[in-house]
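Laboratory data are not the source of any read-out in this text; all were calculated from the coordinates shown. Because the structure is predicted, anything quoted here is derived from the model rather than measured. No Cβ is skipped: glycine too gets one built from the backbone with ideal geometry, and neighbour counts run over all protein chains shown.
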Amino acid sequence: ACSYTQLLLNQGKGKQVGRANVFVSHAWAYQFDSLLEALLQLQKEEQAARGAEPLLVWLDVFSVNQHKTAMRDFHWWSTTFKESVKTIGRTVLVLSPYEAPVPLTRAWCLFEIFSTVDTQAALEIRLPAAEAARFTAALGSGQFDFGTWVSKINLAKAQAFNPDDLRMIKDAVERSDGQAGRGGAPVPVGGGGLPQAAGRAAPRHPGRAQRPGAAAAGARDVGGGGAAVPRRRGGQARATRRDPPQHPLL
C-alpha cells in the first residue's frame, strides 16, 4: 500500500510527479471538482501572466499514504507536516462559501494556516469561480464585513474527525513560540497573513471600479474542498503535476 504519488512513480510515470511548489489546504466536505477548478484557474492565470511552470501541488488525497497514518503519533506528524509546509514555501487555501468558509471551522485546516504563518511561508486564498464572482460582488457593494468574517475564526470551536487530533492541535498552537502562536490565535488578523490573502482573492474585472486593497484595508480596521475520513497528515513534499488539459484529474 502506498500514496497515489508513489504509485505513479512505481508505474514509471515520474513526469507527473515532482517536488511540490504549492501546498493546498482545503476541506474534505468540498466537491472535488470545485477544488480542481480553483487550482486549474490559478495555473491558467499564472501561465498567462508570466509563463510560470505547471503547478506541482501537495494535495493530501494524492500525497499522503492513507494506509499508514495510524503508525505515527501526532508529534511526528505535526513536526513533519510543518517542515513540509516550510520547504514548499507557498500555501494556497481554497475557501467556500466565501461568507462562511468551511476550512475556517476545521481544526486541521486552521493548523495548516497556523503552520504556514509560523514558518513564514506565503499564504494565498483561492475561491472556485462561482464563489469568486459572489465575493467580488459583495466587495463592490460593501456587503462583505471582515469583522464578522474574522470573528468566526476560533480554534476553540473548530471541529475534527478525531477528537484526539483536535486536542493535540490546540496544544501545539498554545505551545508554539512562533509569531502565529502568540496570543493563542492560529492565524494573524491585522497587518498581514489571512486578511491580505483574502484581499487578493477577488479577481479584478475590467470596467468594474474597485478600490485597490479595499478588502485588506477592512481587515486591518478589524484587528491592526458512513466511511472514516482519512486523517489530514504530513507525508513527503511530493505532488502530482497539474498540467491541463492533458492530465486534469491526476
Most exposed first, judged by fewest Cβ atoms within 10 angstrom, R167, R106 run R167, R106
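If I take R0 = 22 Å and measure r between the Cβ atoms of Q31 and F161 in this structure, what FRET efficiency does the formula 1/(1 + (r/R0)^6) give, to the nearest 0.05?
Numbers: r = 18 Å, r/R0 = 0.84.
Efficiency, rounded to the nearest 0.05: 0.75.
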Taking placed amide H atoms and a strict 5 Å upper bound, the residues 5 or more places from A160 or on another chain that come that close are A107
With x for Gly and Pro, the residue-by-residue ³J(HN,Hα) of the range 116-126, computed from phi through the Karplus equation 6.51 cos²θ - 1.76 cosθ + 1.60 at θ = phi - 60° and given in whole Hz, is 4, 5, 5, 9, 6, 7, 6, 10, 10, 10, 10
With a 28 Å threshold on alpha-carbon distance, the violating pairs from K15/K44; K13/K44; K44/K157; K13/K170; K86/K157 are K44/K157; K13/K170
Footprinting proxy, C2, C109: sorted fewest to most Cβ within 10 Å, the residues are C2, C109
Rounded to one decimal in nm, the spacing of the 7 Å Cα→Cβ label points at A1 and H75 is 2.5 nm
Here the alpha-carbon Rg of the range 22-176 over 2.2 N^0.38 Å rounds to 1.08
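Please rank H75, H26, fewest neighbouring Cβ atoms within 10 Å first, as an exposure proxy.
Details: H75 10, H26 27.
Ordered by Cβ neighbours within 10 Å, fewest first: H75, H26.
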